[in-house]
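Structure first, then comments.
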Amino acid sequence: MLTDAQQVERREVIVRLLREGVVRKQDDLVRLLKRTGMEATQSSISRDLRDLGVSKASGRYVLPADEVTRANGDFGTLTQFVRQLRRAGPSITVLRTTIGAAQSVAVAIDKADWPEVAGTISGDDTIFIATAGARAQQQLIGRLRGLFQV
């Protein structure tokens, strides 16, 4: 049985491993942890990933938005998942992502707390972003184009 300190240490290593490279399967993570001298089982990794808020997008594990988002709009590795941006009227903007990435990107947008964003709704590969009107939408689109290169 792990102590709380050992569990915290293992989770810190998991976060570091996910930041440093692509991890596609829990078994891969178990193997990577073993190389660092930490023993783990698939079921313990599954719990760790759930408790850390890690999601799977485009076939790889992705850290939650609060691990990659900064107040200044730094979205870290999430930028690679956004594919398309378009307007859907004067106050709705639609972002298309790779399959499975929309929720992580939407959470990052919400946590960035941009004044022009009223809220987001996400599916598997689509995000609807609501703004108060056309002026706020224009500000948002400028920010999104600069951030995601779309």
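The values are calculated or read from the model by the stated rules, or taken from the named source; none is laboratory data. Just so we're clear, the structure is a prediction, and the values are computed from it rather than from any experiment. Please note: Cβ atoms are built from the backbone with ideal geometry, for glycine as well, and neighbour counts cover all protein chains shown.
Numbers for the structure displayed
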quantity: Qualifying strands (runs of 3 or more DSSP E) (wholly inside region 38-150; at least 2 residues being modelled with pLDDT of 90 or more, on the phi < 0 side of the Ramachandran plot and surrounded by 16 or more Cβ atoms within 10 Å (Cβ to Cβ)); calculated: 82-87, 92-97, 119-122, 126-130
quantity: Near pairs, Cβ below 8 angstrom, 6+ apart or cross-chain, from region 109-128 (among the aromatic types (Phe, Trp, Tyr)) to any residue that is in a loop (DSSP other than H, G, I, E, B); calculated: TRP114/GLY73; PHE128/ALA88
